[in-house]
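Working notes, structure below.
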Amino acid sequence: LTVSGVDFGDMDSQPNDTLDFSPGPFVLENNGNVRADVKIEATSLWEVPNPTGFFQFQSAEKEPGSVPGPGDLVTTWTALPPPGSPVMFANNLNHQNPRDELYGHLRIEVPQDEGAGQKSSSITFTASLPLASPHGSNAP
């Protein structure tokens, strides 16, 4: 992660996301030597446990060509899963510069009955070798 934290600051009842880069999203870079599949999971941000529509993610290319195609990303808001139940964040993330970086966007909304106070969550990204490469034998 080249950007490893997102701070939404004080929130009101309106949803907020990182698509406008205020705050900025996570930035993931594959510094390895093979393509990677990336999964995501998170501890609950709110008293409402994950998965919930109040705490969502999506993935996007920071650098064009970082994944083979749009089907290798999560391009709609998707509820973050709880620890132990990771879901796809991106498939076949390239390892070659300058096509090896993705954005991890977040969307949050304060649930109506949520108590006041500081909130936090630990979001875990896990990379592994792809089960199948669109280019055969994990080539670029």
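The table for this structure:
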{"quantity": "Criterion: farther than 24 Å from D20 by Cβ, among the aliphatic types (A, V, I, L, M) and modelled with pLDDT of 95 or more - qualifying residue of V67, V48, V74", "calculated": "V48"}
{"quantity": "Residue satisfying condition, being at negative phi and either at pLDDT 95 or above or assigned to a loop (DSSP other than H, G, I, E, B) (or both), within set S85, S137", "calculated": "S85"}
{"quantity": "Residue selected from region 88-111 under the condition open to solvent by 50 Å² or more (accessible area, probe 1.4 Å) and either in a strand (DSSP E or B) or touching an Asp or Glu at 6+ places or on another chain (Cβ under 7 Å) (or both), by the criterion nearest to R35 (Cα to Cα)", "calculated": "R99"}
{"quantity": "Lone unmet requirement of (1) open to solvent by 20 Å² or more (accessible area, probe 1.4 Å); (2) of a type outside the set (S, T, Y); (3) more than 11 Å from the chain's Cα centre (by Cα) for F55", "calculated": "(1)"}
{"quantity": "Of residues in region 1-31 being open to solvent by 50 Å² or more (accessible area, probe 1.4 Å) and of a type in the set (S, T, N, Q), the one farthest from H95 (Cα to Cα)", "calculated": "S13"}
{"quantity": "Criterion (of a type in the set (V, I, T), more than 12 Å from the chain's Cα centre (by Cα), open to solvent by 20 Å² or more (accessible area, probe 1.4 Å) and farther than 20 Å from I123 by Cα) met by exactly one of V34, V48, V67", "calculated": "V34"}
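Residue-by-condition table, conditions (1) of a type in the set (D, E, K, R); (2) modelled with pLDDT of 95 or more; (3) over 19 Å from M11 (Cα atoms):
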residue: N33; (1), (2), (3): no, no, yes
residue: V38; (1), (2), (3): no, yes, yes
residue: F57; (1), (2), (3): no, yes, no
residue: E63; (1), (2), (3): yes, yes, yes
residue: L102; (1), (2), (3): no, yes, yes
residue: D113; (1), (2), (3): yes, no, no
residue: I123; (1), (2), (3): no, yes, yes
residue: S133; (1), (2), (3): no, no, yes
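The values are calculated or read from the model by the stated rules, or taken from the named source; none is laboratory data. Every value quoted in this text rests on a predicted model; they were computed, and no experiment measured them. Reconstructed Cβ throughout: ideal geometry from the backbone, glycine too, with neighbour counts over all protein chains shown. Accessible surface is based on the protein model in full, side chains and every heavy atom, while ligands, DNA and RNA are left aside. Shrake-Rupley method; radii C 1.70, N 1.55, O 1.52, S 1.80 Å.
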